[in-house]
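Below is one structure, written out as structure tokens, with a few remarks after it.
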Amino acid sequence: MLVLGIDPGTQLIGFGLIRSETDRFVSVESGRLEVRKELLFPDRLNCIYHEILDLVNRMRPDVTAVEEVYVTTNAKTTLRLGHARGVILSALVEKKIPIAEYAPREIKQAVVGNGGAAKIQVQWMVRQMLCLGSAELSEDESDALAVALCHGLRALHPVSKRMRP
């Protein structure tokens, strides 16, 4: 099973593709999509939409896992992140790829065993679980791989989880 994890953003979108094997997970590819910040916001959303379509066409995942929006102290930032996440979901629906959604705390709980884990702990555990050693991972990339791992682990050990067909 190929799982594409996505960490939504309005300027940087992390992605990580993992393959679930019998007794382990393997990192296939990861990185981040960058959207030019000088673009008007509607143009950024359009760019994100098309970048996700291109990514999915190239990677051909069996399922996608997307991080849910976390609420920040800045309402405008949270709202914009929700817009970006919406166009990401729309692109995935257009490609008819199943979508699982996970809250940040649930991702941290699945990967680290602690829903309040720090980003550095998540990054370290992602490296360990995917045997990446000291590979350089951006925060967005690491978060996306963690989302994919969360889904992979949930698929191995199911808990009641809503997933779009």
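So the values come out like this:
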item: Candidates 97, 88, filtered to the one that is out of contact with any Phe, Trp or Tyr (no Cβ under 8 Å at 6 or more places or on another chain) and either closer than 16 Å to residue 1 by Cα or modelled with pLDDT of 95 or more (or both); result: 97
item: All helices (runs of 4 or more DSSP H) inside the range 56-133 with 3 or more residues being under 19 Å from residue 16 (Cα atoms), without any contact (Cβ under 8 Å) to a residue 12 or more places away in the chain and not charged (D, E, K, R); result: 119-129
item: Out of 39, 33, sole residue that is in contact with an Asp or Glu (Cβ under 6 Å, 6 or more places away or on another chain) and either of a type in the set (A, V, I, L, M, F, W, C) or in a loop (DSSP other than H, G, I, E, B) (or both); result: 33
item: Any hit, the range 46-58, residues being at pLDDT below 95 and either surrounded by 16 or more Cβ atoms within 10 Å (Cβ to Cβ) or within 15 Å of residue 101 (Cα to Cα) (or both); result: no
item: Unmet requirement for residue 125, which otherwise passes all of (1) in contact with a Phe, Trp or Tyr (Cβ under 7 Å, 6 or more places away or on another chain); (2) under 19 Å from residue 28 (Cα atoms); result: (1)
item: Of residues in the range 59-77 being closer than 19 Å to residue 104 by Cα, modelled with pLDDT of 95 or more and touching an Asp or Glu at 6+ places or on another chain (Cβ under 9 Å), the one surrounded by the most Cβ atoms within 10 Å (Cβ to Cβ); result: 65
item: Test: residue in the range 151-162 that is of a type in the set (Val, Ile, Thr), without any contact (Cβ under 8 Å) to a residue 60 or more places away in the chain, farther than 22 Å from residue 28 by Cβ and outside any helix (DSSP H, G or I); result: yes
item: Any chance residue 159 is at pLDDT below 95, of a type in the set (A, V, I, L, M, F, W, C), more than 20 Å from residue 19 (Cα to Cα) and in contact with a Pro (Cβ under 8 Å, 6 or more places away or on another chain); result: no
item: Residues (loosely packed, with under 14 Cβ neighbours inside 10 Å, among the aliphatic types (A, V, I, L, M) and closer than 28 Å to residue 155 by Cα) located in the range 19-45; result: 26
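The values are calculated or read from the model by the stated rules, or taken from the named source; none is laboratory data. These numbers come from a predicted model, not from an experiment. Note that each Cβ is placed from the backbone with ideal geometry, even for glycine, and that neighbours are counted across all protein chains shown.
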